[in-house]
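Enquirer: Quick one: the structure is below, and I'll ask about it shortly.
The values are calculated or read from the model by the stated rules, or taken from the named source; none is laboratory data. Keep in mind it's a predicted model, so treat the numbers as computed, not measured. Positions of Cβ are generated from backbone atoms using ideal geometry, with glycine treated the same way; all protein chains shown enter the neighbour counts. Areas reflect the complete protein model, heavy atoms only, side chains present, ligands, DNA and RNA absent. Shrake-Rupley method; radii C 1.70, N 1.55, O 1.52, S 1.80 Å.
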Amino acid sequence: MAAISEPATAGRRSPFDWLQTTLPKLVLAPSFAVTIICVYGFILFTLYLSFTSSTMLPSFNWAGLIQYEKLWADPKWYISLANLGIYGVLYIGISTAIGLLLAILLDQRIRIEGALRTIYLYPMAISFIVTGTAWKWILNPGLGLDKLMHDLGWTSFTFDWLINGDMAIYTVVIAGVWQSSGFVMAMFLAGLRGVDSDILKAAAIDGATLPQTYRRIIIPLMRPVFLSAFVVSAHLAIKSFDLVMALTAGGPGTSTWMPALYMYSLTFTRNQMGLGAASAVIMLATISAIIVPYLYSELRGGRRD
């Protein structure tokens, strides 16, 4: 009889087992529902609004591609795209170069590595609003770097990029690079520390100098890190809003407008909700075009492993 009852007993689940299995699902269900509604639900809502004639308030009258036609006929949209191109290329390129250089320097096992790593990473710990505000003070001709040099006796020194329409976009680049270079450095440093030491020993035995080792062996091995740094930096550049808003507020004029600021201006100050939604959809499509292939390659690589 005992042998017959054992399978029935083994097939039963105790209340504790049921609670252990179900409780995580119950805890995660509210946050999962909020994510579905507030993220993906509003993405779909924005997508629909871009095909309507919405102005100050949402309108559900289908208008086809009229908002996209207006968007691509607006000169300010092209100004925003041009500024994004300048900012994106310089921001990604300079951040990557500085981050790689700092990572290589820290990879030499210097004594104060921990302190330097903390200093370099600190800017990423603060918000873009704080960064923009701080650099607005630093670059302000009346109270920042310009005034400091004049007080030190260098009266011929001028640095008025913040109020110069042709140069203002480069102040955004300076602030963005200052904040993100440390994060890129951390990514490269993690990659450098993951290089097999046997490869380095073999290169040293073959007579390769340290610069040759980095240029011909180590840096080519960093291709996945380069790709990750590009993806992270690119999506930060495309959706940049708070840094621009705090530093220049889009000025002088529209000289530092970028797509995120363009979308905000149309939606919340000019009562063009449908047009703002269309610009948001274009931004989402651009970010997806960068991130989706990266995720696909990562998942594909994971399956091969």
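Enquirer: Quick check: residue separation of Phe157 and Ile291 times 0.36 nm, minus the Cα distance between them. What number comes out in nm?
Expert: My answer for the length gained is 43.9 nm.
Enquirer: Same structure again: Listed highest first by mean packing, meaning other Cβ atoms within 10 Å per residue, what order do 209-218, 255-264 come in?
Expert: Peptide ranking by packing, descending: 255-264, 209-218.
Enquirer: Taking 4 °C and 1.567 mPa s as the conditions, I'd like the Stokes-Einstein D for the range 75-302 in µm²/s, using the Kirkwood hydrodynamic radius from alpha carbon pairs.
Expert: Estimated diffusion coefficient is 66 µm²/s.
Enquirer: Now for a different question. What does the charge dipole of the chain about its Cα centre add up to, to the nearest 20 debye, if the Cβ of each Lys and Arg holds +1 and the Cβ of each Asp and Glu holds -1?
Expert: So the magnitude is around 460 debye.
Enquirer: If you don't mind, there's one more thing I want to ask. What order, most packed first, do the peptides 279-285, 38-44, 151-157 have when packing is the mean number of other Cβ atoms within 10 Å of each residue?
Expert: Descending packing order for the listed peptides: 279-285, 38-44, 151-157.
Enquirer: Separate question: For Gln272, what residues show an amide H to amide H distance below 5 Å, using hydrogens built from the backbone and excluding near sequence neighbours?
Expert: Distant-sequence amide H within range of Gln272: Thr267.
Enquirer: Give me the Kirkwood hydrodynamic radius of the range 10-56 in Å, from all C-alpha pairs, to one decimal place?
Expert: Radius from the Kirkwood sum: 13.8 Å.
Enquirer: Apply the Karplus parameterisation 6.51 cos²θ - 1.76 cosθ + 1.60, with θ equal to phi minus 60°, to every residue of the range 34-43 and state each ³J(HN,Hα) to the nearest whole Hz, in sequence, with x for glycine and proline.
Expert: Those phi angles translate into 5, 4, 4, 6, 7, 9, 6, x, 6, 5 Hz.
Enquirer: To continue, here is another question. Hey, which lysines would be in cross-link range of Lys136, C-alpha to C-alpha under 21 Å, not counting anything within fewer than 8 residues on its own chain?
Expert: Within the straight-line cut-off, Lys136 pairs with Lys147, Lys239.
Enquirer: Give me the percent of the accessible area of the chain that comes from carbon and sulfur atoms, probe 1.4 Å, all protein chains in place.
Expert: About 69 percent, which is the carbon plus sulfur part of the accessible surface.
Enquirer: Going by amide H atoms built from the backbone, whose H comes under 5 Å of the H on Thr52, apart from near neighbours?
Expert: Ala63
Enquirer: Can you give the direction-averaged projected area of the convex hull of the alpha-carbon atoms in the range 87-156, in nm²?
Expert: Taking a quarter of the hull surface, the average projection is 7.0 nm².
Enquirer: Which of Trp137, Trp18, Trp62 moves most in a GNM of the chain, Cα contacts under 10 Å?
Expert: With Cα springs under 10 Å in the chain, the top fluctuation among Trp137, Trp18, Trp62 is at Trp18.
Enquirer: Here's another thing I want to ask about it. Find the accessible area per residue for the chain; the probe is 1.4 Å, ligands and nucleic acids are left out, and the unit is Å².
Expert: Heavy-atom SASA per residue in the chain reads 59 Å².
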